[in-house]
Amino acid sequence: MKHANRLWAADALLPEGWARNVSLAWDAQGRLTEVRSDTAAEPEQPRATGPLIPGMPNLHSHAFQRGFCGLTEYRGQTADSFWSWRELMYRCAGRIDPAQVEAIATWLYVEMLEAGYASVCEFHYLHHDPQGEPYPQGPEMAHAILRAAERTGMGMTLLPVLYQTSGFGGAPAHAGQRRFLHDTAAMLRLLDTLKPACDAQGARLGLAPHSLRAVPPASLTEALDGLDAIDPTAPIHIHIAEQVKEVEDCIAWSGLPPVRWLLEHAPVGPRWCLVHATHMTADEATDAARTGAVAGLCPTTEANLGDGLFDMAHWREGAGRWGIGSDSHSTVNAAEELQWLEYGLRLTTRQRNVMAEAGQPHVATAMTLAAVAGGAQASGRPVAGLAPGQQADFLELEPGHVALAGLPARDMLSAHVFGSHRTSAIRNVWVGGRSRVREGRHALRDAAAAAFVDVRRTLVAAS
Ligand code: ZN
């Protein structure tokens, strides 16, 4: 159908702000070829009924962790922490198989698409079988993730994780980590193996050194050199400074806190996503921000795990870029991540609309645009919003939703982020120009949910 690649909307959020009477067109590859405002709809052109906003890139996900949400919300010892949660996560990770990972990821991506995310960066560390041996047919876990993305239409940046040690200074990995491990040469072979499959479905391949505690300095250098030989612009993501204990251990090992150590020993720049970066000195924050790296913020997971609050004030002083991720998936909702980020700042600064910007006083609009731009950069994919050359990843808000009805478009987005009544105000979602969610539902929702519940029942029964 000729007009299938066109859409007109009375209101659309473009990178420069809200525009009226916007006509969109995209090509067979799903790239926007035209974004024109102040135009009349052509007679044959489909019309959106609600405002269009860009699809959100989710810059940090461990898909399998969706399978045990709700199972770690009780006190197991007097001081429950990230580290006791991690023990439970390792128990779950210890027995899951590729078919189960595919079922969990398929459901998770359905949920993400219905909740405003159009692409995801999968920080993928569950590589081997439960004994720590490579799967005989190759990287089955990575292929399970890629299939889930393909089936659901989710945009994908696959980030195989390099994991070698259990602590700073080369402490050997322990049994709970054996499914994660590769020497550096094996990791580079894995990237070579996965590249054609990623290219074939429009996924981007990058690398995730897990953290400074899991990757010794020589391996980090060697892996980054090897990645450059495969793709010199590939994204690089790393967990960093999430926990106070990690900062203390890094100082004990090197004399420097982790972000400072990384800035002094690695070529940190716009290809990099610093995931969490929760515990930084003021100087670390502004210096890291000035490199052009993206801060990968996961507000609901950071709250769930008791990590702490990101130092946005000093990050912004360095004109820092940022995006959002759902990480452990205790919440799967792009609007809620933005809400939590802003609320953390309101509570600590005792001010309102902290993330508004000089040119954009409406905080939900400012945050959406910043998180889409930062998320796109971290994804290494053209998903930076409604502009020619970018993918046609966008969603339509439901103008009849009780939280939104009758409001101007920009206030509909504010209500979506800050007042949504805990039901979705997302009506339709397009990824790469293809309709993936209609009337709030993904076509696979029922089948994927049933498969997910079956897998979870099996995993819980085995624990
Ligand atoms: Zn993570």
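The values are calculated or read from the model by the stated rules, or taken from the named source; none is laboratory data. Computed from a prediction, not measured in an experiment: that's the story for all the values here. A quick note on method: Cβ atoms are made from the backbone with ideal geometry, for glycine too, and the neighbour counts reach across all protein chains shown.
Some notes on this structure:
- Count of residues meeting criterion [of a type outside the set (A, V, I, L, M), more than 16 Å from the ligand (Cβ to nearest atom) and within 19 Å of the chain's Cα centre (by Cα)] in the stretch 316-339: 5
- When the residues of the stretch 129-150 are filtered to those that are buried (at least 19 other Cβ atoms within 10 Å of the Cβ) and closer than 30 Å to T368 by Cβ, the one that is nearest to the ligand (Cβ to nearest atom) is I145.
- The one condition from (1) closer than 23 Å to L205 by Cα; (2) exposed (fewer than 15 other Cβ atoms within 10 Å of the Cβ); (3) out of contact with any helix residue (DSSP H, G or I) (no Cβ under 8 Å at 6 or more places or on another chain) that G70 does not meet is (1).
- Cross-chain or 6+ apart pairs with Cβ under 8 Å, the stretch 59-74 first and in contact (Cβ under 8 Å) with a residue 24 or more places away in the chain and more than 17 Å from G94 (Cβ to Cβ), then among the acidic types (D, E) and within 10 Å of the ligand (Cβ to nearest atom): H60/D327; S61/D327
- For the stretch 110-128, filtered to residues that are in contact with a Gly (Cβ under 8 Å, 6 or more places away or on another chain) and either in a strand (DSSP E or B) or not small (G, A, S) (or both), the residue that is farthest from the ligand (Cβ to nearest atom) is E114.
- Single residue of A450, A376, A443, A405 found to be in contact with a Pro (Cβ under 8 Å, 6 or more places away or on another chain) and free of Cβ contacts under 8 Å to residues at least 12 places away in the same chain: A405
Table: residues versus (1) of a type outside the set (A, V, I, L, M, F, W, C); (2) farther than 29 Å from L397 by Cβ; (3) not assigned by TED's automatic domain parsing to the domain that holds W18.
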site: A48; (1), (2), (3): no, no, no
site: H60; (1), (2), (3): yes, no, yes
site: G67; (1), (2), (3): yes, yes, yes
site: S81; (1), (2), (3): yes, yes, yes
site: L88; (1), (2), (3): no, yes, yes
site: C92; (1), (2), (3): no, yes, yes
site: I104; (1), (2), (3): no, no, yes
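Okay, residues lined up against (1) within 16 Å of the ligand (Cβ to nearest atom); (2) closer than 26 Å to S119 by Cβ:
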| position | (1), (2) |
| --- | --- |
| A223 | no, yes |
| H237 | yes, yes |
| V247 | no, no |
| P257 | no, no |
| V268 | no, yes |
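- Taking the stretch 175-218 as the range and being more than 18 Å from I145 (Cα to Cα), of a type in the set (G, A, S) and modelled with pLDDT of 95 or more as the test, the residues that pass are A185, A186, S211, A214, A218.
- Cβ-Cβ contacts under 7 Å between residues 6 or more apart (or on different chains), taken from a first residue in the stretch 286-298 that is under 11 Å from V268 (Cβ atoms) and assigned by TED's automatic domain parsing to the domain that holds S326 to a second residue that is surrounded by 24 or more Cβ atoms within 10 Å (Cβ to Cβ) and β-branched (V, I, T), are listed as A288/V259.
- Breaking point among (1) crowded, with 21+ Cβ neighbours inside 10 Å; (2) farther than 18 Å from H124 by Cβ; (3) charged (D, E, K, R), for D287: (1)
- For I251: the one exception among (1) within 22 Å of the chain's Cα centre (by Cα); (2) more than 14 Å from the ligand (Cβ to nearest atom); (3) farther than 26 Å from G55 by Cα; (4) surrounded by fewer than 23 Cβ atoms within 10 Å (Cβ to Cβ): (1)
- Residues (under 19 Å from S328 (Cβ atoms) and in contact with an Asp or Glu (Cβ under 8 Å, 6 or more places away or on another chain)) located in the stretch 124-147: A144, I145
- Listed by position, the helices (runs of 4 or more DSSP H) inside the stretch 348-463 whose residues that are within 19 Å of the chain's Cα centre (by Cα) number at least 3 are 363-379.
- For the stretch 150-169, the tally of residues that are under 29 Å from D249 (Cα atoms) and part of a loop (DSSP other than H, G, I, E, B) stands at 4.
- The number of residues in the stretch 272-304 that are more than 14 Å from the ligand (Cβ to nearest atom), more than 15 Å from the chain's Cα centre (by Cα) and of a type outside the set (G, A, S) comes to 9.
- For the stretch 254-278, taking the residues that are charged (D, E, K, R) and touching a residue at least 12 places away in the same chain (Cβ under 8 Å), the one that is surrounded by the most Cβ atoms within 10 Å (Cβ to Cβ) is identified as R271.
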